[in-house]
Amino acid sequence: MRMMKRDKNLSLILLLCIILFAGFGAEALSYDHTVSIECLTHPHKPQYNGGIIQNPELNNGSQGWIQFGESAIQHRESLGNKYIVAHNRTQTYDSVSQKVFLQKNKHYALSAWIQVNEGNNVEVTAMVKTRKGIKFAGATIAKSNCWSMIKGGLTTDTSGIAKLYFESKNTDVEIWVDSVSLQPFTEEEWKSHQDYNIEKARKRKVSIQILDKEGKPLRNASVSLQQTRSRFPFGSAIDKSILNNPAYQKWFLQRFTVTTFTNEMKWYSTESVRGREDYSAADAMLGFARRNRIAVRGHNIFWDDPKFQPGWVPSLSPQELNIAVQKRLQSVVSRYRGQVIHWDVVNENMHFSFFESKLGQDFSAKVFSVAHGIDGGATLFLNEFNTIEDNRDNAANPARYIQKLRQIQNYPTFKSRGGVVGIGLEAHFPNFPPNLPYMRASIDQLVATRSPVWITEIDVSPQNNQVQSFEQVLREAHSHPGVQGIIMWTARSPQGCYRICLTDNNFNNLPAGGVVDKLLHEWGLRPFSANTDHNGFIHVSLFHGDYKLEINHPLINNNNNYSFTHHLQVNPIHHHHHNNGSHITTQIVKLSV
């Protein structure tokens, strides 16, 4: 507590009543985050009542639906459910389709339910053909005898008639379609969803009342609040050059609470020569992070890409490789046990399979099990690209990601130890405008697994509007209620940056760094000040975090000012602790001066 210009003969007791409560009014045309990641006997009703889709539940025969390509289409009913079928398919795109009118620069949320007549691992994608070309809108893994949900979307760059259709590379199967929805949102509506989610998931409404020693409200007290530390983990990757660069350190520490080392923990860095381990760089970087209360993600134990192995590893026999792998696993995880919050265990193991090809298909699950046994306090993560950012390949799309997640979660030794698998989304966005509806819908699907979801390496490829796209994807990620942390892949090294630089070599902000500072300001660093009302209250919505609270009030019969500081924590609401629906927590702090 700090007191200034205090009358020594005066003692005053202030009661600071901090009433924290949740609640935010819903706006028109809200976004539907719900999703099913299970294969169900009956499809759900279409979201948004189908949006602009005619006959979305197929209750009016095949009205509004036509063939696409050379397939035959047929309206069917089973178990009381009506749907449409594309059969006699010979081409990937032979399908069922509906014409829709799309408007330029609108965001479209898409959902549909899909079944196939045979097989249990059939990828089916939703596509939209516009006059400018074909756009991907979502994918699912379809099965026979149950319905799987596609959830995705697209942003349009042209107005006009388009065709929504469904395709599969497996031309032996029939594609069954039901409960289709395509809902447009304006840019303003899309932003309103982000604002709503931020109020609900990232902030807390706070009422502060200031009372004198007799319990009477002190009106017109000046109250200022400044966030000192955010509770939402937001950070940037770093390079070892930070260790000897005070400008780099100052720039980083003023902004971030979490980091990943770009290369220094990787196997090719710690054991570039067989049998000669060198952890000096990673040790020093961890020391820097620990001294400055920066959380660290352990990146990574193994990397499944054959191009990124220590030079001596690819020529090893399977037996030698197995010995080297066990040694590496024990070495790095034991050394940093308790010092990292996460481990990326087998990096990019949906795109690549270097270790599986030599040591068996259960390699990743075994490594997860052993790592959990060594460092049970860290969350063990899958980490992949092209899951939320792009559809150029289907190796790690949300449905494939969930398959891999379940494979590891259900591995007997891992399951018996009660291990949790985290979902790491690299989010390396490509060199064209981001598909925000697909990004949001993909995160919806992954959050539905109830595994922790982090954005681990977010950046954007060089393009005309690179900085604008970077801001868009950062806002989308931060506003999604299921995202638990964000790390940007924006480390500065003597050689520059990977794809987008926040600063120049002297750590002066470049445009992307200006965007990050603007967002940090919006996300809690912006100072707040107000005077108490006639009941001694101020009301404010604050981001979760730690705050310095300063109060000034002119004392009765005394012309001097009285000032003190108090430290306030604004924490997320744990809804399961409340049964009355009000979710109100009252914190009373008594200050004697």
Odd one out for Gly338, checked against (1) closer than 30 Å to Ser148 by Cβ; (2) open to solvent by 60 Å² or more (accessible area, probe 1.4 Å):
(1)
Among the numbered criteria (1) polar (S, T, N, Q); (2) under 21 Å from Ser36 (Cα atoms); (3) in contact with a His (Cβ under 7 Å, 6 or more places away or on another chain), which one does Gln74 miss?
(2)
Read through the list (1) at pLDDT 95 or above; (2) over 30 Å from Val206 (Cα atoms); (3) open to solvent by 40 Å² or more (accessible area, probe 1.4 Å); (4) not β-branched (Val, Ile, Thr), then give the number of the only condition that Gly69 fails.
(3)
How many residues are touching a helix residue (DSSP H, G or I) at 6+ places or on another chain (Cβ under 6 Å), under 25 Å from Arg406 (Cβ atoms) and either open to solvent by less than 40 Å² (accessible area, probe 1.4 Å) or among the aromatic types (Phe, Trp, Tyr) (or both) when one looks only at segment 450-485?
5
If we only count strands (runs of 3 or more DSSP E) wholly inside segment 64-123, which ones have 2 or more residues that are under 16 Å from Trp176 (Cβ atoms) and touching a helix residue (DSSP H, G or I) at 6+ places or on another chain (Cβ under 7 Å)?
none
Kindly state which strands (runs of 3 or more DSSP E) lie completely within segment 177-293 and contain at least 1 residues that are open to solvent by 30 Å² or more (accessible area, probe 1.4 Å).
203-211, 222-230
Within segment 115-129, the count of residues that are more than 21 Å from Ala396 (Cα to Cα), open to solvent by 20 Å² or more (accessible area, probe 1.4 Å) and in contact with a strand residue (DSSP E or B) (Cβ under 8 Å, 6 or more places away or on another chain) comes to 2
When you look at Arg492, is it farther than 29 Å from Val421 by Cβ and in contact with a helix residue (DSSP H, G or I) (Cβ under 7 Å, 6 or more places away or on another chain), yes or no?
yes
The lone condition Tyr83 fails out of (1) open to solvent by 30 Å² or more (accessible area, probe 1.4 Å); (2) over 22 Å from Ile402 (Cα atoms) is (1)
Any residue in segment 253-265 that is more than 13 Å from Ser230 (Cβ to Cβ) sitting within a Cβ distance under 6 Å of a residue that is polar (S, T, N, Q)? List the pairs, counting only those 6 or more apart or interchain.
Leu253/Asn292; Asn263/Ser269
For segment 488-510, state whether one or more residues are among the hydroxyl-bearing types (Ser, Thr, Tyr), surrounded by fewer than 17 Cβ atoms within 10 Å (Cβ to Cβ) and in contact with an Asp or Glu (Cβ under 6 Å, 6 or more places away or on another chain).
yes
Residues that are closer than 25 Å to Val313 by Cα and hydrophobic (A, V, I, L, M, F, W, C): find the strands (runs of 3 or more DSSP E) completely inside segment 356-462 holding 1 or more of those.
379-384
Taking segment 130-158 and keeping only residues that are open to solvent by 40 Å² or more (accessible area, probe 1.4 Å) and assigned to a strand (DSSP E or B), one is left with Ile134, Lys135
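The values are calculated or read from the model by the stated rules, or taken from the named source; none is laboratory data. Keep in mind that this is a model prediction, so the values were computed, not measured. Don't worry about glycine lacking a Cβ; one is built from the backbone with ideal geometry, like all the others, and counts go over all protein chains shown. Ligands, DNA and RNA are excluded from the accessible area calculation, which covers all protein heavy atoms including side chains. Shrake-Rupley method; radii C 1.70, N 1.55, O 1.52, S 1.80 Å.
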